[in-house]
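Heads up, the thing below is written out as C-alpha cells.
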Amino acid sequence: LGELPAGWERRVHTDGRVFYIDHNNRRTQWEDPRFETSIAGPAVPYSRDYKCKYEYLRSHLPKPPPNVKCELTVRRNQLFEDSYRQIMLLSPSHLRAKLWIDFENETGLDYGGIAREWFYLLSHDIFNPYYGLFEYSATDNYTLQINPHSGTCNPDHLSYFHFIGRVIGIAIYHGKLLDGMFSFTREISFSIYKK
C-alpha cells in the first residue's frame, strides 16, 4: 500500500482496532486512507454483534424464486445417497426455493420440523468418519477436520465435498443448523468459489 498520505497517522485504539488520524483536517476515521472508496465500495459498518452480522448477511442473500419448491424425497436408510443425488441435480437458484422434505413412505407435512430433522440426520451422515471425508481431530473425539487422505478413501471425494458445500449453503440460506464441530488448524480460503 505504501506510505500514508502527508499529515496522516496510524494508531491503535485501546480495544485493539486500528484507526487513522488526519492532522490536516483534524479528524479520525477507521478506514485506511490509502484505499480508494470508489474501488473498494462503501465500508461495511463495524459491529461485533452477532445478530447484526446475521441480519446483514440475510439482507444480502438473493431472494427465493416465487411459487417454486425445492422438493426432496429421501429414504431414511439411504439419506446421504438420496440427498446427494437430488441436490447435485438442482441449480443454485432452485436450492434457494422453499425447502420441502418428504421421507419416503411416511406421511407428514413439512412446515419446518421435517426439514430440521433432515438437516440433523444428514449432518450426522455427512460428518461420519466412516465415509472418509472427515476425521476426528487429533486433540479429541468431539471436533472434526477434513481428512487429508479423503482421496484415497473415496475416489469421488471432491464431488462429495461439493455436495457438502451445497448443504452448508442451503442450511445458511434457510436458517437451519447442522450438527458438527470443526477444528480448523489452518486458514481456509473460499475465494476460489464464485457462488
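The values are calculated or read from the model by the stated rules, or taken from the named source; none is laboratory data. Because the structure is predicted, anything quoted here is derived from the model rather than measured. Cβ coordinates were reconstructed from backbone atoms using ideal geometry, including for glycine residues, and neighbour counts include every protein chain displayed.
Below, the figures for the structure above:
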| quantity | calculated |
| --- | --- |
| Filter result (at pLDDT below 90 and either surrounded by 10 or more Cβ atoms within 10 Å (Cβ to Cβ) or not in a loop (DSSP other than H, G, I, E, B) (or both)) within the range 25-39 | Trp30, Glu31, Asp32, Pro33, Arg34, Phe35, Thr37, Ser38, Ile39 |
| Every residue from the range 117-172 that is among the polar types (S, T, N, Q) and assigned to a loop (DSSP other than H, G, I, E, B) | Asn128, Ser137, Thr139, Asn141, Thr143, Asn147, Asn154 |
| Of the criteria (1) within 22 Å of Cys153 (Cα to Cα); (2) assigned to a loop (DSSP other than H, G, I, E, B), which one Glu81 fails | (2) |
| Output for the range 103-141, where each listed residue is over 20 Å from Asn77 (Cα atoms) and touching a strand residue (DSSP E or B) at 6+ places or on another chain (Cβ under 8 Å) | Phe134, Glu135, Tyr136, Ser137 |
| Unique residue being more than 30 Å from Phe161 (Cβ to Cβ) and at pLDDT 85 or above when the list is Asp22, Asp49 | Asp22 |
